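Worksheet for the structure shown next.
The values are calculated or read from the model by the stated rules, or taken from the named source; none is laboratory data. Note that the coordinates shown come from a computational prediction; the quantities given were computed from them, not determined experimentally. Every residue, glycine as well, gets a Cβ built from its backbone with ideal geometry; the counts of neighbours run over all protein chains shown. We work out accessible area using only protein heavy atoms, side chains counted, and drop any ligands, DNA or RNA first. Shrake-Rupley method; radii C 1.70, N 1.55, O 1.52, S 1.80 Å.
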Amino acid sequence: MTTDLPGWSALTIGENSRSGFDIDLVKWLASRLDFTPNYVDLTLAQRESALRGGADERKAHLVAAVFSITDERRKRVMFAGPYMVTRQGFMVRKGDTRINAMADLKGKTVCTGAGTTSLKQLKDSGIKMNVTDEQGMNACVARLLEGKSVDAVSTDQLMLAGLAQTDPERLEVLPDLTFGAQERYGLGLPLGDVADCEIVTKELQDFINQGYWSQFFRQRFPGLEPDPYQPDPFNLNACE
């Protein structure tokens, strides 16, 4: 799990408590499949490596961390899902009206997470912006709020929605500016772990069909209409 993504998976230091949609999902799966989660803290860049290697080398059996399913990643890890769909967007300092379209990013400095699909899409966008990356998205937000080295933060819109909740008086997600391919979040498992993948995929179908998905979404992202972000429960991956 990540520790610094409000709305998804955040760790409150001192209290040792975790909260977010991904945490809700893991707890729900644990109650259904009768296991006790042993949380391993990861950065976004460490998600793949945590699942790779031999059984004694792996840091995790399951990664639930806004993990976008891509053909390239499926060569190295297996995915159950998707359990969420979104697109890449932008967050700015509240009241900053300089960015309204992709063309407005020319010459601007945009921060995103290291080792993410968001980083690749920014670099491949064709816009001559200055792209910088950090190990954690909270570091990007801190730089944005400083008002000096970063003009915008870019990652998946729903990740930005969670980050904006931390300081709604100073942060704003641009609602009408998205780009790139649809991001489809899946639960990562070790490559070849077909049996567990099929079990988890079936549980994800129930998670959506039985209303738990909508319940947790509304709790974590109040004010957002859930329908655009809910995947078709009958069109999940076949764990191949």
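Assorted remarks:
- Residue ranges 231-239, 80-88 sort as 80-88, 231-239 when ordered by packing (mean number of other C-beta atoms within 10 Å per residue, highest first).
- Scalar couplings 3J(HN,Hα) for region 14-23, obtained by applying the Karplus form with A = 6.51, B = -1.76, C = 1.60 to θ = phi - 60°, are x, 7, 6, 10, 10, 8, x, 4, 5, 5 Hz; x denotes Gly and Pro.
- Sequentially through region 104-115, phi angles give Karplus couplings (6.51, -1.76, 1.60; θ = phi - 60°) of 5, 7, 4, x, 8, 9, 10, 10, 8, x, 5, x Hz, Gly and Pro residues having no value and appearing as x.
- Helix 137-146 and the long axis of the chain differ in direction by around 20°, with both axes built from C-alpha atoms.
- Built amide H within the under 5 Å cut-off of Ala65, gap 5+: Gly188
- Nearest 10 degrees, 0 to 90: helix 194-209 Cα axis against the chain principal axis: 70
- Spatially, region 11-75 and region 131-169 are offset by 22 Å when compared through their Cα centroids.
- Estimated from the Cβ-Cβ distance and a Förster radius of 35 angstrom, the FRET efficiency linking Ser149 and Lys59 is about 0.60.
- Glu48-Ala103 pseudo-label distance in nm [points 7 Å out on the Cα-to-Cβ vector]: 3.6
- Heavy-atom accessible area ranking, 1.4 Å probe, most first, across Thr155, Thr12: Thr12, Thr155
- Between amide H atoms placed 1.01 Å from N, distances below 5 Å from Trp8 occur with Phe21, all of them 5 or more places distant or on a separate chain.
- Restricting attention to the chain, the count of lysine pairs at 8 or more positions apart or across chains with alpha carbons under 24 Å apart stands at 22.
- Table column - 3J(HN,Hα) (Hz), region 149-157, Karplus curve with 6.51, -1.76, 1.60, x for Gly and Pro: 9, 9, 9, 7, 10, 10, 6, 4, 4
- Peptides 130-143, 13-26 ordered by average Cβ neighbours within 10 Å, highest first: 130-143, 13-26
- Distances between placed amide hydrogens fall under 5 Å for Val131 paired with Val110, all partners being 5 or more residues away or on another chain.
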